[in-house]
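**Q** Here it is, the structure in full.
Just so it is clear, none of the values below were taken in a lab; they were calculated from the coordinates. For clarity, every value in this text was computed on a predicted model and none was experimentally measured. Here the Cβ positions follow ideal geometry from the backbone for every residue, glycine too, while neighbour counts run over all protein chains shown.
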């Protein structure tokens, strides 16, 4: 009977760890001169350089941007950035890893064991606490999104109307799996208050999280 209770308790703890939601957390800073709800204007997404322009990865992110801007009521231009109301650029990078050391304390210990024909289960309180350090490799993912007046783009003095920067710290050193959630953070309440920095948390869908964990069970599967 006791053994069944112990196994049930362990299973419950394991299940709660598996179903805990994961988030991509980003510090988003925005400056702009846009109206509160831009709508109806045209936009063109343009690469910053030739190498980026040929990148299939960049094209995938451009598709994400296109969907975000269209959902806001803007319209994609077919005439290039200089013919659009807004020219939109995207830049991204990953820095790290750097060690993240966090000290933890515990005053309660719970254990179980088997001795002869009997199972045992017990707990203890230690007033002196158990202290230990947990070290993880942390990456900083950065995404810069800028918008210019289309007619000024490509001139010696392009006029910027929006600049957004998102810094996201996490265990995943790849930008690909986190880019959708970082863009979600940048476009949340767009264009937002100019000159402000807000911490945005975007939940990773459970099916995406489960697939990532199944394919890569290491700590890198954390976001």
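**Q** Within 10 Å, count the other beta carbons around each residue, average over each peptide in 192-198, 138-144, and list them highest first.
**A** Ranked by mean Cβ neighbours within 10 Å, highest first: 138-144, 192-198.
**Q** Follow-up question, since we're still on this one. Quickly work out the residue 135-to-residue 176 label distance, labels modelled 7 Å from Cα along the C-beta direction, and quote it in nm with one decimal.
**A** With each label placed 7 Å out from Cα toward Cβ, I get 3.0 nm.
**Q** A further question on this structure: Suppose the chain between residue 152 and residue 71 were pulled fully straight at 0.36 nm per residue; how much longer would it get relative to their current alpha carbon spacing?
**A** Contour length minus the Cα-Cα distance gives 26.7 nm.
**Q** So if R0 is 22 Å, what FRET efficiency would residue 55 and residue 144 give, r being the distance between their Cβ atoms, rounded to the nearest 0.05?
**A** 0.90
**Q** What residues from region 20-49 fall in the zone where the backbone N is under 18 Å from a label point 7 Å along the Cα-to-C-beta line of residue 83?
**A** Residues 41-47 qualify, since their backbone N sits under 18 Å from the label point.
**Q** Estimate the FRET efficiency between residue 48 and residue 207 by the formula 1/(1 + (r/R0)^6), using the beta-carbon distance for r and 35 Å for R0, to the nearest 0.05.
**A** After rounding, the FRET efficiency stands at 0.55.
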